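The values are calculated or read from the model by the stated rules, or taken from the named source; none is laboratory data. These figures come from a predicted structure and were not determined experimentally. For neighbour counting, all protein chains shown are included, and Cβ atoms are generated from backbone atoms with ideal geometry for every residue, glycine included. Quick note on the areas: whole protein, heavy atoms, side chains included, nothing else; ligands and nucleic acids left out. Shrake-Rupley method; radii C 1.70, N 1.55, O 1.52, S 1.80 Å.
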Amino acid sequence: MSGPFLLGLSLSGRRVVAVGGGPVTARRVADLLAEGAAVEVVSPELCPALTASLSERTTLSWTPRRYAGARDLDGAFLVHTATGDPETDRRVAADAEARHTFCVSAGDAAAGSAQVPARAAVPTPAGEVRVAVHAGGDPRRAAGIRTDLADHLTGGVVDLRARRPHGGWVALVGAGPGEEQLLTRRATTLLAAADVVVADRLVPQAVLARLPETVRVVDVGKQPQHHPVPQEEINRILVEEARRGQGVVRLKGGDPYVLGRGGEERAACEEAGVPVEVVPGITSAVSVPAAAGIPVTHRGLARGFTVVTGHEELPGLPTGTDHTLVVLMGVAGLRETASRLVAAGRPEACPVGIVERGWTAEQRVTLGTLADIAGRAEQVGVTSPAVVVVGDVVTLAHGWAEQGEGAGGPGPSADAAASDDVSERSTRHLAAHAVA
Ligand SMILES: C[S@@+](CC[C@H](N)C(=O)[O-])C[C@H]1O[C@@H](n2cnc3c(N)ncnc32)[C@H](O)[C@@H]1O
């Protein structure tokens, strides 16, 4: 086999001498310092990046002169040379060789006794996974292959589970609104590292189906009005599995911290001394309206939005139709919510949209006003999960003209009709509809 023997070096606290003060040295020195090495740069001048590191890092020192010979390498475990002068680089490499010290020669890799592979690191709760690529001495090819490998590692293609006992961990991972393409990169990486996945009802089923058979899936999904696994029990499962040394992904619909009790789960882990990471997800509160063409804010229509559950009393909420209200878990109490909002001062003509099963093939949108939305929902048999959106932004929904105004249904609310933006709003609505 030709090529260098790829070896992991522990550089923490060890002396490395870098000859040369330019950008190549700066990049390599940054890596060496990150590994904990004590680096001395020998060079009459420093580039700006090295000057900046010198003022920030106590483990970096500078000898401001030209390379003076083998004594500069005293005590070094590793030498790096990038002076821009081939003759000096050759001298440094030869001096290092004579002292049995490995030397990287950046300008001419073959002239040194060590080479730096293209590297990537993927953090997992059970330790960082690193890859190093050497490709026949071609650094560009190595860098390209490294990038592809790193993509595989973070993209959930490679099984990252620990194969020997390790400290357990929990990751509270937001899975987004149900479309697996809307999972974050970090979510896929952690799923590939998990021994156990504790899943909600609304997480993308395709993601669970693709897990290796040896990953245990615990379904703690809650149905509306029916809580098969109480929150305390979920907390207990997370802590117990982690204490058994398992890597646990708690896969939650949307974002863990938006009406998802993620804060309680994190607190339970922290109280039990279990390491816990929280990975944000795309919340249904914003993404499900978007799937129906409804932006929760829109210039001229709404400057802000509030997210509530349909179980709330809804006290003290802004009543203007230019403030969007997003109601999660709002199907069962829809009639009461609509009449409470009207009683609180919202106009009966305020537009309302209900988006059921957003981002799935069964997505359905029902449009109306506070006055008639409950009747319309009952008529078509709206069921959970659904997001209810209240406010003028609903007029931007795909199909508003057909289901709403065009069908003799809700017109613009009193607030919106009074606004100067009405004609602009209609134009924008048509444009959005044409694109849909
Ligand atoms: C317990 S809350 C959890 C919200 C979640 N943490 C989030 O950020 O999206 C569940 C509610 O989110 C809404 N929901 C979640 N995914 C949905 C989807 N794909 N379509 C419609 N509504 C959804 C429904 O209102 C459902 O009742």
- Note on the structure: Amide H proximity to residue 297 below 5 Å, modelled H, separation 5+ or other chain, gives none
- Percent of accessible area on the stretch 267-398 owned by carbon and sulfur, 1.4 Å probe? 54
- Note on the structure: Share (percent) of C-alpha pair distances in the chain greater than 35 Å works out to 52
- Task: Calculate the dipole size of the stretch 15-119 relative to its Cα centre from +1 charges on Lys and Arg beta carbons and -1 charges on Asp and Glu beta carbons; express the result in debye to the nearest 20.
- Result: 100
- Quick note, the stretch 1-139: a/c under 1.5 would make it rounded; otherwise a/b > b/c is prolate and the rest oblate (a ≥ b ≥ c, C-alpha gyration tensor); here it is oblate
- Reduced to Cα centres, the span from the stretch 48-93 to the stretch 237-264 in Å works out to 48
- GluC sites (Glu not before Pro) within the stretch 118-220: which are DSSP loop residues with at most 14 other Cβ atoms inside 10 Å? 128, 213
- Got the relative contact order for the chain handy, in percent, Cα pairs under 8 Å and 6 or more residues apart? 10
- Counting each DSSP H run of 4 or more residues in the chain as -39500 (n - 2.57), what helix-only mean residue ellipticity at 222 nm follows after dividing by all residues, to the nearest 500 deg cm²/dmol? -9000 deg cm²/dmol
- With a ≥ b ≥ c from the Cα gyration tensor eigenvalues, square-rooted, and the rule rounded for a/c under 1.5, otherwise prolate when a/b > b/c and oblate otherwise, the stretch 169-282 is rounded
- For residue 213 and residue 313, extending 7 Å from Cα along the Cα-Cβ vector and measuring point to point gives, in nm, a value of 5.5
- Task: Just flag the GluC sites (Glu not before Pro) in the stretch 287-383 sitting in loop per DSSP whose Cβ has no more than 14 other Cβ atoms within 10 Å.
- Result: 312, 313, 362
- Message: Whole-Hz ³J(HN,Hα) for each residue in the stretch 275-291, computed from phi via Karplus 6.51 cos²θ - 1.76 cosθ + 1.60 with θ = phi - 60°, x for glycine and proline: what do you get?
- Response: x, 9, 10, 10, 10, x, x, 7, 6, 5, 4, 9, 7, 6, x, 4, 4
- Query: Where only protein heavy atoms count, and the probe is 1.4 Å, what is the accessible area per residue for the chain in Å²?
  - Reply: 49
